[in-house]
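Student: Can you read through this structure? Questions will come right after.
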Protein chains: 2
Amino acid sequence: MKEALVSDTKLDHRPLYEVKANLFKGLAHPLRVRILEVLADAEETSVTDLLVDSGLEASHLSQHLSVLRRHHLVVSERKASQVFYRLAYPQIADLLAVARVLLVEILETTQQQLVSTVDLPPVGRPAVASSTEAAAK
Amino acid sequence: MKEALVSDTKLDHRPLYEVKANLFKGLAHPLRVRILEVLADAEETSVTDLLVDSGLEASHLSQHLSVLRRHHLVVSERKASQVFYRLAYPQIADLLAVARVLLVEILETTQQQLVSTVDLPPVGRPAVASSTEAAAK
DNA sequence: TCATGACTTTATAAATCCATCATATCGCAG
DNA sequence: CTGCGATATGATGGATTTATAAAGTCATGA
């Protein structure tokens, strides 16, 4: 069973699907995804560069970086008065890439469905139906 | 730029990293990961089977399935009085697999770090320091 | 030591998610 | 049509996350 992997680990008895969900929680914010993508494109990135990219206030960015650290997704290194971040594991970039592939598929499919709906002849109030559809996602 | 992909899409102008984060939100609950994993192992699965596997009350499971449907992660099909679910895209299984690889790496590394800490000679109150370390994750 | 730039932590209100229960809907058989 | 099994939806309070600003810490140069 999948839990067996984690059960054998000395200090953490949570099922793997629970640990996975926790990982996804760490990824479940736009800015944190953005940060990871920027980090995936460079060896390491200074907080200053991340601040410029994100347009955030320093404390706001730091809060998100803290979440990423806590989830073991990034590691930081201080060099004098500057701090640099990098991805903790190369597999994180893999995960983001696979997610992208999936999303491309989802977006293509759902857009096709929207187009199909739009091509249908009017039934009642098509304008309302179409805005309901858009609101669903 | 990455946003260009989504910007060209007719109805959805959100940056891709935002759409990705939304995808991860759909995945950010243990039971929803579990459900997807069960679905990944079969062609299709009845709600009844999912109820047995999860041990949930019907309405609780249904709420989670609703989230998965809304995120386009599963599709449902009613056959008489029973409803069957399956993964909406095969790439979802890929995503879960990559996440697993990443987690294995993370868990191995963090466990090694814990072991290294335990091997250190006592400094002050090792018992307290060790429980602080465990609480950190 | 002090001032300052760089970055982190603390604190807190608002927003969102989760757990749970009540109710509604769908399909089938009698 | 009614009853019932199967499943979905609505509602709501508690828990967690997010957004934001204030305060704190670290490193450096004068």
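What follows draws every value from the coordinates through simple rules; no lab data is involved. Since the model is a prediction, treat every value here as computed from it, not as a measurement. Positions of Cβ are generated from backbone atoms using ideal geometry, with glycine treated the same way; all protein chains shown enter the neighbour counts.
Student: For the pair B:Ala80/A:Gln112, report the inter-label distance in nm, with labels modelled 7 Å from Cα in the Cβ direction.
Tutor: Distance between label points: 3.2 nm.
Student: Here's something else I'd like to know. Using only C-alpha positions, report the orientation-averaged shadow area of the convex hull of the stretch A:30-79, nm², one decimal.
Tutor: Here the figure is 3.3 nm², rounded to one decimal.
Student: Oh, and also: Label-to-label distances across copies for B:Val52, with labels 7 Å out along Cα→Cβ, in nm, shortest first?
Tutor: So the distances to the same position in the other copies read 6.0 nm.
Student: For A:His13, place a label point 7 Å out from Cα along the Cα→Cβ vector, do the same in each other copy, and report the separations in nm, one decimal, smallest first.
Tutor: 5.3
Student: Give the nm distances, rounded to one decimal, from B:Val75 to the matching residue in every other copy, measuring between label points 7 Å along Cα toward the beta carbon; shortest first.
Tutor: Nearest to farthest, the other copies are at 4.3 nm.
Student: Treating only the Cα positions of the stretch A:3-89 as identical point scatterers, give the base-10 log of I(q)/I(0) from the Debye formula at each q in 0.12, 0.14, 0.19, 0.23 Å⁻¹.
Tutor: The Cα Debye sum returns log10 ratios of -0.42, -0.54, -0.83, -1.08.
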